[in-house]
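Have a look at the structure below, then the notes.
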Amino acid sequence: MSQDNLDSLIPYDEIVQEALRAVVGRVLGEVEASGGMLPGAHHFYITFKTTAPGVQLRTDLRERFPDEMTIVLQNKFWGLKVGDTGFSVGLSFNQRPAELIIPFAAITAFVDPAVDFGLQFQAATTDVEPTDHDDPENDGPNGGGDGGPVVKADDGSNVVSVDFGRKK
């Protein structure tokens with residue numbers, strides 16, 4: 001078998017990424033269908049690329065988070081609307097309301113610490129290193145950041161990291 005036969009003409013990595021992002025859409029869709037109420041202790045940390053196509057957020061938030069941002073859907077969020085390609089949600093940042101529109105393709109991580117579940121996605125651009133950013137502000141019962149849990153893929157949790165490398 002030659003080296004050329006090892007490169008798939010079927011984009012398996014893209015297909016798997018799309019299917020896993022559909023999990024996020026289904027979960028958020030169920031929350032929307034229940035009137036925006038999260039069941040039990042469930043809450044979500046959603047990390048996304050702020051510069052991805054279709055992402056809409058206030059200018060000051062884009063300046064503060066020029067590459068990547070993590071939001072928390074737990075106690076204070078409103079107006080969750082889920083569509084085929086993404087979702088919108090209202091959150092407060094520094095006690096100022098903001099509506100965020102986030103395509104599923106922009107999401108890089110989805111974590112539900114209540115059940116030790118997480119998904120990690122490949123970034124849309126592989127040549128860009130993530131930049132440091134502040135902790136989520138809407139994290140905690142009063143909307144203040146408490147740092148939240150740190151999810152590590154090697155701690156035995158249910159984090160799924162999909163990274164298909166191609167041999168050259």
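Worth pointing out:
- Taken over the C-alpha atoms, the range 25-66 has Rg and Dmax values of 13.6, 35 angstrom.
- For the range 44-95, fraction of C-alpha pairs farther apart than 15 Å, in %: 49 percent
- Debye-formula intensities of the range 5-111, expressed as log10 I(q)/I(0) at q = 0.10, 0.13, 0.18 Å⁻¹, are -0.31, -0.50, -0.88 (one equal scatterer per alpha-carbon, no solvent).
- Calculated accessible area for the range 16-111 comes out at 48 Å² per residue, all protein chains present (probe 1.4 Å; ligands, DNA, RNA ignored).
- The packing ranking of peptides 108-116, 83-91, highest mean first, is 108-116, 83-91, where packing means the average number of other beta carbon atoms within 10 angstrom of each residue.
The values are calculated or read from the model by the stated rules, or taken from the named source; none is laboratory data. A quick note: this is a predicted structure, and the numbers were derived from the prediction, not measured. Quick reminder, even Gly has a Cβ in these numbers, built from the backbone with ideal geometry, and neighbours come from all protein chains shown. Note: accessible area is taken over every heavy atom of the protein model, side chains too, but ligands, DNA and RNA are not part of it. Shrake-Rupley method; radii C 1.70, N 1.55, O 1.52, S 1.80 Å.
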